[in-house]
């Protein structure tokens, strides 16, 4: 099975630092409560699965317009970029807590050599971006029929010898 992975070695440390900063800001300052509505970057959840014909990615991007999503394939890299914007009219409400993440994201995946990059397609429906990565014909498994019989029967079916 081919596995797609992304390489972001310090993302977890950055996220932890952001959470700790927010915790201290909200706990010790009154001004920090207003800053909790500031947009931050996020990484949407992705499911990757493979069958005999495709590698498929399902990316959760609810609340993002399809015009704000960019999918590109270049040098065997699939890059998905998008942005979830905070709505202006909601910003004026008296929120006590904001847990939804806003801002831009970029996810990059290294594609295996078995993917036909000319036939990649993307579909956006109900907040889920589905990217289909078809496999090349030579990478698809082929089933070989096994004939039942003796070795002489197979030899006898070869070209006849002229006498």
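Here are some notes:
- Residue 61 closer than 30 Å to residue 138 by Cα, touching a strand residue (DSSP E or B) at 6+ places or on another chain (Cβ under 8 Å) and at pLDDT 85 or above: no
- Residue list for region 44-76, restricted to those being within 10 Å of the chain's Cα centre (by Cα) and under 25 Å from residue 97 (Cβ atoms): 44, 45, 60
- Residue under evaluation residue 3, criteria (1) at pLDDT 85 or above; (2) within 15 Å of the chain's Cα centre (by Cα), criterion not met: (1)
- Screening region 77-94 for residues that are modelled with pLDDT under 90 and surrounded by 12 or more Cβ atoms within 10 Å (Cβ to Cβ) and picking the one that is farthest from the chain's Cα centre (by Cα) gives 86.
- Residue in region 35-47 that is out of contact with any helix residue (DSSP H, G or I) (no Cβ under 9 Å at 6 or more places or on another chain), part of a strand (DSSP E or B) and either modelled with pLDDT of 90 or more or loosely packed, with under 12 Cβ neighbours inside 10 Å (or both) present: yes
- Residue 72 vs. criteria in a loop (DSSP other than H, G, I, E, B) and modelled with pLDDT of 70 or more: no
- Of all residues making up region 114-145, the number that are assigned to a loop (DSSP other than H, G, I, E, B), exposed (fewer than 14 other Cβ atoms within 10 Å of the Cβ) and at pLDDT 90 or above: 2
The values are calculated or read from the model by the stated rules, or taken from the named source; none is laboratory data. Keep in mind it's a predicted model, so treat the numbers as computed, not measured. Note: ideal-geometry Cβ built from the backbone for every residue, glycine included; neighbour counts use all protein chains shown.
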